[in-house]
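Each reported figure results from applying straightforward, stated rules to the coordinates on display, with no laboratory input. Since the model is a prediction, treat every value here as computed from it, not as a measurement. No Cβ is skipped: glycine too gets one built from the backbone with ideal geometry, and neighbour counts run over all protein chains shown.
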């Protein structure tokens, strides 16, 4: 979904434990998968530059729920 006139992408998805989010081969791209309605959707999101991608990645990773210590390594 895009906001009108400013071309801002809005992505309203749930962050979940074990979610993978990483910088793609081109450092302007952020790759991640989400689960919406029981279906996995893959995104390859391009931002303006590598710093913006790194900042977005840090922000997303900071909000992904932690795995309980007994589940670490079982994902």
How large is log10 I(q)/I(0) at q = 0.19, 0.21 Å⁻¹ when the Debye formula is applied to the Cα atoms of the stretch 1-67, each weighted equally and without solvent? -0.81, -0.97
I need 39, 13 ordered by Cβ neighbour count within 10 Å, fewest first. 39, 13
Could you order peptides 18-29, 57-68 by the average number of other Cβ atoms within 10 Å of their residues, highest first? 18-29, 57-68
